[in-house]
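I have placed the structure first, in the form of C-alpha cells, so that the comments after it can refer back to it.
The values are calculated or read from the model by the stated rules, or taken from the named source; none is laboratory data. All values derive from a computational prediction rather than experimental measurement. Here the Cβ is made from the backbone with ideal geometry for all residues, glycine too, and neighbour counts use every protein chain on show. Calculation scope for accessible area: heavy atoms of the full protein, side chains included, ligands and nucleic acids excluded. Shrake-Rupley method; radii C 1.70, N 1.55, O 1.52, S 1.80 Å.
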Amino acid sequence: MIKSEQASLSVMRIAVITIIAIFMLSVCVLAASSEVKNVKIVLSDNCEIDVLTTKTVVADILEESHIVVLPEENVVPNLTSEITDTSSKIVITGRTQDAYSAVAIAEEEGSVYLDQLLSAYNTIIEKIVVIEENIPYQTITKDVSTSNEGTVTTTLQDGKEGLKKATYKVKYQNDIEIGRTLINEEVIGEPTDKIVQIANVTNRGSKNETRKPQEKKETNGASGGTLASKVEGIEPIVKTLNASAYTASEGHEKTASGALAKAWYTVAAGKGYPMGTIIYIPHFANQPNGGWFVVQDRGGAITNNKIDIYMNTYNECITFGRRNIECYIYLVK
C-alpha cells in the first residue's frame, strides 16, 4: 500500500514539472515573437521620453504611453506608420514650430527622413501684388439754416472718388491668402468732396395760412422787355450772388418798397442795391420774364452778396433751393 502511494506521488511530480516546462517554453516563444523596442518620443515642447514597447504602430505606441496628439500638432513618422527598428524616435511638433529645428532634433539619431518631416508643413508663398483702389470722397455739409422749419438741402458740388495704386506683399498658404502688408501707395487722382447745403426757405407771410399762386397783374414777358429797354447804355456790375427763394401767403405780398411782390419780377436784395435796381439773371433767360428782375424788397438775412427771388408757391421755393448764380446788376438812377 505504501509503495503504491509513493508511485502516485512520483507520477504527479513528473506531471507538474512537465506543465511548468511547457509554460516556460510558451513564454519564451511569445517573447521571441514580440520584439521589445526602445522608442524615444520627442514632444512639441522638446521634452523627451524613452519607452519600452512591443507595439509597432506609432498611434499604438503613443496611446500605450498615454500621449495625446493635439489637432494642431504633427507626428513624424505619421500615426499609421510602423516602427521596425529596435531603437527609433517619434517626433511631435507644433504647426508653428520651425520645421528645420524639428529636422535637426530628428537627425541626431537619423530616425526620420527629411522629406517625410517637411511634408507635414504647408509651404508659405509671398508675392508682390499691385492693385488700383478707389479713394472714397467725403461729404461736407454746410448748415446755414436758422431753424428746423422750412429747410431745403441743396447739392452745391457733386462728389467724385479718387484713385490710388497700392503695392502689397501678400502671403499665401495652400493658395489661400493669410496676410498682406502695404509696401507703397501712389495717388493717381485725388477725390472731390461732395458739398451739400442746408438752408431755410424764406416765407415772408404767415406760416399757417394756405399759400396760393398770386395772380399776374401784367404780362411778365412784356415787363421783361420793358426792363431791358430801361438799362440800355448802362454798364452792369457782374457778380455771382447766393440766391434763395421766398413766397408769401395771399394778403401778405406787400414788399418793403410798398409794391406788391410778383413772381418773375420781384427780388429782395441788400441795402447796397437801391429799390428799383434792375438785375438780369441768365439762369432764368428762358422764363416768362426773360431773366429780368427788380429789387423791391429787403430781408433780415439778405446781405449784398445774397438775393431772394419771389416765387408763386412754396413748392417752387423748395425746388429752387439755394444756389450761386451769375447776376448782371444795373443801378438805375
Can you give me the distance in nm between label points at Ile195 and Asn324, each placed 7 Å from the Cα along the Cα-to-Cβ direction? 0.5 nm
Assuming 0.36 nm per residue, please report the length gained on full extension of the stretch Arg180 to Glu161 beyond their Cα-Cα distance. 4.4 nm
For Thr56, net neighbour charge (Lys/Arg +1, Asp/Glu -1) across residues whose Cβ lies under 12 Å away: -3
Tell me, what is the Rg over Rh of the stretch 146-197, with Rh the Kirkwood radius over Cα pairs? 1.37
Can you pull out the GluC sites (Glu not before Pro) in the stretch 146-192 that DSSP calls coil and that have at most 16 other Cβ atoms within 10 Å? Glu149, Glu161
Using a 1.4 Å probe on heavy atoms of the protein chains only, the accessible area for Lys165 in Å², nearest 10, reads 80 Å²
Could you rank the peptides 320-328, 137-145 by their average count of other C-beta atoms within 10 Å per residue, with the highest value first? 320-328, 137-145
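For Lys142 and Asn286 in the same chain, what is the full-extension length gain: residue separation times 0.36 nm, less their Cα-Cα distance, in nm? All intermediate terms of the calculation are to be shown ahead of the outcome.
Working: separation 144, 0.36 × 144 = 51.84 nm, distance 3.01 nm.
Gain in length upon complete extension: 48.8 nm.
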Suppose all protein chains stay in the model; what accessible area per residue would a 1.4 Å probe give for the stretch 264-332, in Å²? 41 Å²
I want to check the label-to-label distance for Thr240 and Ala59. Put each point 7 Å from Cα in the C-beta direction and report it in nm to one decimal. 7.9 nm
Under a 5 Å amide H to amide H cut-off, with H placed in plane at 1.01 Å, what residues pair with Lys142 once short-range neighbours are removed? Val196, Gln197, Ile198
A 1.4 Å probe over the protein heavy atoms gives the stretch 262-333 a carbon and sulfur accessible-area percentage of 49 percent
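Can you sort Ile309, Ile302, Ile124 by 1.4 Å-probe accessible area, starting with the largest? Please report the intermediate quantities before stating the final value.
Numbers: Ile309 0, Ile302 25, Ile124 95 Å².
Descending order: Ile124, Ile302, Ile309.
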